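K.L.:
Quick one: structure below, then a few questions.
Please treat every number below as a calculation from the coordinates, not as lab data. For clarity, every value in this text was computed on a predicted model and none was experimentally measured. Cβ sites come from the backbone with ideal geometry, for glycine too, and all protein chains shown count toward neighbours.
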Amino acid sequence: MSTPILICDDSGFARRQMARSIPDGWDVEVSFAEHGQDALSQIREGKGDVVFLDLNMPVMDGYETMEVIRKEDLPCLVIVVSGDVQEKARERMLSLGAIDFIRKPIDNAKLMHILTSYGIYSGDSLATGGTSQQSSATPAAGNTIANSEDAVTEEEKLDAYREMVNVAMGRAGENLAKLLGEFIDLPIPNVNLIESNELSMAVADINRNDRVSAVSKGFVSEGISGEALVIFNDTKSQNIVELLKYAPSASSENLELEALMDVSNILIGACLNGLSEQLAVAFSHTHPVLLGQHQGLSTLLSENVHQWGKVMAVEIGYAIKAKDISFDLLLLFPGNAMNQIYARLMNTDRERQ
């Protein structure tokens, strides 16, 4: 008898990755959900004896979904599959009843270990990379297991970039959480392809404060280059200084500058390392540059970015709600790098299977 498997993730790219990671020879019926509310409906219908659950999703996230599963005592085993790998995220989900936690992108050996350890799958083969059955339900867009690259739309590419950044964002959040000793709230990354002359308006939408500070770092690899900016709301800079517990100094402005540079280095460095891992490239970084302190947003964008024409802009809004702190990481890529990024992402994805 087939085991009903439910894969819940807002990214079609991530759903396909997860489906391809299910062990060969495991008799399963796979269904898909784009958010927790949809997942709960399908679990109640008996479509999710085993649930692979993402954390950061629209409508209802993984935490809220797990709380309902526990409250209603729904009959399912939940394995969290997430780019958010903070220890507090793991502890929270395990305390709510999840049986284990897998870091994105999927480690097939760890997945196999979890499935066999809990007696979910007892196959002798260690091969992975396919499912014996698929859901008979009509899948949402992006749910097909195989996708012809010749027919990939721009929206599907943006979805793949969004998932790639989601993984990298989680790495950066984990590093920052360790440094600050606080839980970092992670968003769903916002990815857009825009004209460079629209960038100032896009940045203004990200951070509506009149006075901000920003740190920039350029990066380059084989055919892929870009610029990363961390944008801070000036009114909350002192809160960051207090979290970092620097030794007292006569100049509060010097401490604020040191805090901006330290946080920016951690965020940008960890995020680029996460991208490097997924694209199988090694980025060379420039030294971080203070683009402006206590200035308006219009002064913070480099002339280099304005000359790109089209720009792929990735916005990630980090927050430490307990301390009323928020700041934005903005990754900017020339639009002509998109195809190169997508091709590398697909190559490394195939190599993992």
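K.L.:
What is the distance, in nm, between label points placed 7 Å from the Cα along the Cα-to-Cβ direction at HIS287 and at GLU195?
P.N.:
3.7 nm
K.L.:
Which order do the peptides 312-319, 88-95 take when ranked by the mean count of other beta-carbon atoms within 10 Å per residue, highest first? Numbers along the way, then the final one.
P.N.:
Numbers: 312-319: 21.2, 88-95: 16.6.
Packing order, densest peptide first, comes out as 312-319, 88-95.
K.L.:
Rounded to a whole number, what is D in µm²/s for region 51-116 from Stokes-Einstein with the Kirkwood radius over alpha-carbon pairs (25 °C, 0.890 mPa s)?
P.N.:
Values: Rh = 12.0 Å.
Using the Kirkwood radius from Cα pairs, D works out to 204 µm²/s.
K.L.:
At 7 Å along the Cα-to-beta-carbon direction for both GLU242 and GLU64, put a label point, then send me their distance in nm to one decimal.
P.N.:
3.0 nm
K.L.:
Further question on the same structure: Figure the gain on full extension for VAL220 and ALA109 (residue separation times 0.36 nm, minus the Cα-Cα span) and round it to one decimal in nm. Intermediate values should be presented prior to the final figure.
P.N.:
Working: separation 111, 0.36 × 111 = 39.96 nm, distance 3.19 nm.
Additional length available on full extension: 36.8 nm.
K.L.:
Here's something else I'd like to know. Using only the alpha-carbon atoms of region 1-130, report the extent along each of the three principal axes, biggest first, to the nearest angstrom.
P.N.:
36, 32, 26
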